[in-house]
Amino acid sequence: MENRSVVKRLSFLWQGLDPSLAIILLCLVVVGNITFLSASSGTVVSWVEQSRNLATALIIMWVTSRIPIKWLEKISLWVYLVGVALLVAVAIFGLIKKGARRWLNIGVVIQPSEIMKIAMPMMLAWYFHKKDGMVKLQDFFVAFCLLLLPIFLIARQPDLGTAILVFAAGFYVILFAGFPWKFVLPFAVIALLGIVLIVIFGDAICAKGVTWPLLKSYQQHRVCTLLDPSSDPLGKGFHTLQSMIAIGSGGLFGKGWMKGTQTHLEFIPEKHTDFIFAVYSEEFGLFGNLVLIILFFLLIQRGLQIAASAPNLYSRLLGGSVTLIFFTYAFVNMAMVSGLLPVVGVPLPFISYGGTALTTLGFGVGILMSINRGRRLIQT
Amino acid sequence: MARQNDSYSSLETFQSRIQIALWFVMICLFILFFRFFWLQVVKHTKYSTASESNRIAIITTQSQRGLIIDRNGIVIARNFPSYSLEITPAGVNQPIEELVTSLNTVIKISNKDRQNFYRSLQGAKKTESIALRNFLNDEEVARFMSRRYAFPGVEVQVRYFREYPYQELGAHLIGYTGRVSQKDREKLLAELEESSDETNSDELRPIKIKGIQQVGKIGLEQSYEKELRGTLGYSQVEITAGGRVVRNLSSTAPIAGSNLSLAVDIKLQYLMEHLYSKRRGAAVVIEVSTGDVLAFVSMPTYNPNAFIDGIDADLWKKLNDSPEKPLFNRPLRGTYPPGSTFKPFMALAALEGKFRTPEQGISDPGYFKFGNTTFRDDAVNGHGFVNMRQSIAVSCDTYYYILARDMGINAISAFMKDLGFGQISGIDINGEVRGILPSKEWKKAYYSDPSKQAWGEGDTISIGIGQGYNSYTILQLAQATAIIANQGVVMRPHLVKMIEDPITHQKSLTVPSETTRLNIKKENLAVITDGMIGVNQSGTGRVPFAGVKYPVAGKTGTAQVFSLGGKQYNAGAISEFKRDHALYIAFAPADKPKYALALVVENAGFGATAAAPIARQTLDYLMLNTWPEGVPAWKTAP
């Protein structure tokens, strides 16, 4: 009796937390933490730090899940405007590190492009929600303008990786809002053709002295090393080659936890951040990868389900976009580590080390939970 | 309520798109899974071979550190090859502690070696080779090689170490290198991160610095670390599971560091260090037209060779605890009241500010009363009538007490600032201190107690004779002397004159081309020079400079370290470290100045008796090439 009343009194803590989302998340976090222990092999400090980052992300998730989705809707425009203002500030006063101007010192150093990953879908969802029921073609034009302004600012920092992710986040909203397929398909076909051409004529266009229009030399270099990682074994191709060896040598069931020779012999750079998947894959093999893929699929499936049954357009668009962003992170990361995509700095959700990305992710899951809670509150 | 706003068609569109998205996700994930299947099942054998038997590692090749050469081509810092016993943790098949213990039975490994090794081991990569012991002799190498099979992961390697052939000579200016510490590594990483070199990818950066074993810790070795170090070479090699190199795949040759050609004349430095014999002090000699620092003396000194492989704890304690402070870089970091050497600058300030004419004089009774305080002159009964020239020559305190009062602190500090007093000279060695140029603002900022913050007029009086709050480095004093010798043209003092590219052998001047010209009247400088010539002809410097064969301008100084509170000075009765400092500044030849110098002999008493003789012998060598008796002849090291 006594116990039950305590449970009852504490029940507000998990009320509204979607159980299936929470369980999937928990599994991912456990997998991530175990892998991180191996990747950081013994350096206790960063493991403690990562656990602290995780705890922070979970708290943010919990807090966000309590926020009624209506409130988010109300602040969407402002979050976007502040985000854009910060990006402009970065362009003017930003700190330069490694030749890129991405950071802003406002007492603490922040990276405003990170805010846009959430602010962008919020803004566009808000915009389409306003126009609900009478979305016209020119509204999509406005939406693209709203999307491309921050993209332009981020791309010229330069930070191609983040620009692509923010673009994806916004583009998902536009697609979910009903952007006609007839406008999407031609672009898709051109992109596909481009990729095919690059693969076929890679040698010619990557020859010495050939410079590509529009792209910076390091971006060209990245594409070229993707086509042939062994062309630059000591430079940009080094880690792709090494992580492919790590994944490939993992085999069906992996070498066992903490036993990844490739990763423990320091051949994998950034092995606890962007390349942590190489550690996981080497130690747990194809079987482990399947588990991870299924976990991500369940996460996305549940997210899309929540979005589909959300009560209003704002929540639907936001929920759908946030879910697909998780997918984009996971897919791009695993594809890049296994040599399918060029190396862009994208972490593996809930597994890679890093406070900022985890915070953004925690916020994203919180939004999904809040959307889900909103639905249930309306039903009852 | 929200539902009412929804149009049915948008909901329908949305749900169909959710379906499409789910399909898209599934297809992508399937592609991923297929990729993993391809790598982990189809190509598994290939990659597992690559991973198991042929691990690719990157090993670095040391670059030769640049030489440090004096202005006449004498090498004062060089490299010598030596055998090191090194461990690559990845190749070791037993606990490292046990390995070290069993190695000790073959080659003696001291506690210091062990400590250094374990310190380097922390945070090091497993494929990195770490020195356990350096400087093996041939016998030790032979003994290890015969038992090498028993120690997988252990190798004898040739490493280059720094060597200072002249031992203590010029130790403070050259500095030394030492084993790279964790802090050094972080600094090196940050330095690479700052550089916009496109080849500095995130994964190459740690590799680029991991092979750096020795870095400059202090002195020129530290200040010119980047130039001296060069660029490491690196090769991609295949190593066995045991960590041994199987085959070289590709390599980039190291680029040797640049050589530094100094402005310093090491032979002059040698002479001056000998002239100090056992005394403490600092001296700086500057070539006035260029700002070349010809000698940079800090006495006593220490042997930088002791630091190369990590200094031994006892010696470190001894050096560190010595009251003589041999590790202290005196010309760069020691500040002293300039004493009477300040007077020529005061006189110049008075002329430039039109507070005095050269002929204006005072009748000196031997003291100056200001309020209730009596400021005394060295000459108890006074110097009689003195004009400006005489005031410099005989070092009349009373003249400057009155002058300081008439000028006021604002005019004094404004003028002295231009001459570099209390300012960073910008010499090319890290760690320079400012000293104190007294001013109202300085005092206010210095004292936290408000009752002490206000500038009293009495404070100004002793400023006039280079006492009171005045506190400058000998470098600043030499620089100020060089500026007046150079007719007001300011040349930044520098120890390094040229940097020589190791490949092209092209030498580039590091000497700053930009100069500042102070607006000082020639006729005013002539008055000061006259007074300073008088010092050595008939004034306080006449004894040490008796019979001098070239025109020389100088000024003696005796700086109180310890306030006597009006009591009679008795050197024997107070402890040695509280005795007065002896100072001297000079430039020669006085008519067309080539050299300027400033020096202090700590706690040695009168400037005329302790400091001026060193200046005389130094200048005799520079001007006439006469080598003083009693100083052993210079011998170039083999």
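The values are calculated or read from the model by the stated rules, or taken from the named source; none is laboratory data. Remember, it's a predicted structure, so these values are computed and weren't measured experimentally. Every residue, glycine among them, receives a Cβ derived from its backbone with ideal geometry; neighbour counts consider all protein chains shown.
Test B:M491 against the stated conditions and say whether it is farther than 23 Å from B:D265 by Cα and buried (at least 20 other Cβ atoms within 10 Å of the Cβ).
On the way: farther than 23 Å from B:D265 by Cα: no; buried (at least 20 other Cβ atoms within 10 Å of the Cβ): yes.
When the stated conditions are applied, B:M491 does not pass them.
When the residues of segment B:429-461 are filtered to those that are in contact (Cβ under 8 Å) with a residue 12 or more places away in the chain, under 24 Å from B:R333 (Cβ atoms) and not hydrophobic (A, V, I, L, M, F, W, C), the one that is surrounded by the fewest Cβ atoms within 10 Å (Cβ to Cβ) is B:G431.
Entry remark, segment B:313-360: residues being touching a strand residue (DSSP E or B) at 6+ places or on another chain (Cβ under 6 Å) and not in a helix (DSSP H, G or I) number 6 in total.
A count restricted to segment B:312-359 and to residues that are touching a residue at least 24 places away in the same chain (Cβ under 8 Å), among the hydrophobic types (A, V, I, L, M, F, W, C) and more than 24 Å from B:G435 (Cβ to Cβ) stands at 3.
Confirm whether A:F144 is within 14 Å of another protein chain (Cβ to nearest Cβ) and either among the acidic types (D, E) or within 23 Å of A:L317 (Cα to Cα) (or both).
Numbers: within 14 Å of another protein chain (Cβ to nearest Cβ): no; either among the acidic types (D, E) or within 23 Å of A:L317 (Cα to Cα) (or both): yes.
No; evaluated as a whole, the condition is false for this residue.
Can you tell me which residue is farthest from the other protein chains (Cβ to nearest Cβ) among those in segment B:86-99 that are part of a helix (DSSP H, G or I) and surrounded by fewer than 18 Cβ atoms within 10 Å (Cβ to Cβ)?
Per the stated criteria, the residue is B:E98.
Looking across segment B:140-182, just one residue is hydroxyl-bearing (S, T, Y), in contact with a helix residue (DSSP H, G or I) (Cβ under 6 Å, 6 or more places away or on another chain) and over 16 Å from B:Q213 (Cα atoms), and that is B:Y164.
Here B:N116 clears all of (1) free of Cβ contacts under 8 Å to residues at least 40 places away in the same chain; (2) in a helix (DSSP H, G or I) except the condition numbered (1). Only one of the listed residues (A:I106, A:I59, A:I69) is loosely packed, with under 15 Cβ neighbours inside 10 Å and either touching a residue at least 12 places away in the same chain (Cβ under 8 Å) or over 28 Å from B:A190 (Cα atoms) (or both). That residue is A:I59.
Could we say that B:V535 is in a loop (DSSP other than H, G, I, E, B) and either under 30 Å from B:D265 (Cα atoms) or more than 28 Å from the chain's Cα centre (by Cα) (or both) here?
Considered against the rule, which asks whether it is in a loop (DSSP other than H, G, I, E, B) and either under 30 Å from B:D265 (Cα atoms) or more than 28 Å from the chain's Cα centre (by Cα) (or both), B:V535 comes out as no.
Filtering segment B:20-44 to residues that are within 19 Å of A:G339 (Cβ to Cβ) and either facing chain A (nearest Cβ under 7 Å) or buried (at least 18 other Cβ atoms within 10 Å of the Cβ) (or both) leaves B:C28, B:L29, B:L32, B:F33, B:R35, B:F36, B:F37, B:L39, B:Q40, B:V41, B:K43, B:H44.
Search segment A:248-271 for residues being under 20 Å from A:Q50 (Cα atoms), crowded, with 24+ Cβ neighbours inside 10 Å and not aliphatic (A, V, I, L, M), and hand back the single one that is modelled with the lowest pLDDT. That would be A:T263.
Which residue, of B:R71, B:R65, B:R133, is assigned to a strand (DSSP E or B), crowded, with 16+ Cβ neighbours inside 10 Å and under 32 Å from the mean Cα position of the chain (by Cα)?
On the way: B:R71 fails: assigned to a strand (DSSP E or B); B:R65 fails: assigned to a strand (DSSP E or B).
Within the list B:R71, B:R65, B:R133, the selection yields B:R133.
Looking only at segment B:361-376, which residues are of a type in the set (D, E, K, R) and either buried (at least 22 other Cβ atoms within 10 Å of the Cβ) or part of a helix (DSSP H, G or I) (or both)? Before you say what the answer is, go through the steps one by one.
Residues of segment B:361-376 that are of a type in the set (D, E, K, R), as a first pass: B:364, B:369, B:376.
Within segment B:361-376, just B:D364 meets the criteria.
State yes or no: is A:R101 in contact (Cβ under 8 Å) with a residue 40 or more places away in the chain, within 14 Å of another protein chain (Cβ to nearest Cβ) and charged (D, E, K, R)?
Details: in contact (Cβ under 8 Å) with a residue 40 or more places away in the chain: yes; within 14 Å of another protein chain (Cβ to nearest Cβ): yes; charged (D, E, K, R): yes.
Against the criterion (in contact (Cβ under 8 Å) with a residue 40 or more places away in the chain, within 14 Å of another protein chain (Cβ to nearest Cβ) and charged (D, E, K, R)), A:R101 qualifies.
Per the listing B:T341, B:T398, the residue uniquely buried (at least 22 other Cβ atoms within 10 Å of the Cβ), polar (S, T, N, Q) and touching a Leu at 6+ places or on another chain (Cβ under 8 Å) is B:T341.
Residues that are over 42 Å from the mean Cα position of the chain (by Cα) and either exposed (fewer than 13 other Cβ atoms within 10 Å of the Cβ) or closer than 30 Å to B:I266 by Cα (or both) within segment B:149-167 comprise B:Y149, B:A150, listed in sequence order.
Kindly indicate whether A:P158 is farther than 23 Å from A:S76 by Cβ, under 19 Å from the mean Cα position of the chain (by Cα) and either at pLDDT 80 or above or among the aromatic types (F, W, Y) (or both).
Here the answer is yes, as A:P158 does meet what is asked.
Going through (1) in contact (Cβ under 8 Å) with a residue 12 or more places away in the chain; (2) within 14 Å of chain A (Cβ to nearest Cβ); (3) within 22 Å of B:Y234 (Cβ to Cβ) one by one, B:S63 falls short only on (2). Which fully enclosed strands (runs of 3 or more DSSP E) of segment A:90-176 have 2 or more residues being touching a Lys or Arg at 6+ places or on another chain (Cβ under 7 Å), over 16 Å from A:Y80 (Cα atoms) and of a type in the set (S, T, Y)? Per the criteria, no element qualifies. Kindly establish whether B:Y47 is among the hydroxyl-bearing types (S, T, Y) and within 14 Å of chain A (Cβ to nearest Cβ). Spelling it out, B:Y47 is indeed among the hydroxyl-bearing types (S, T, Y) and within 14 Å of chain A (Cβ to nearest Cβ).
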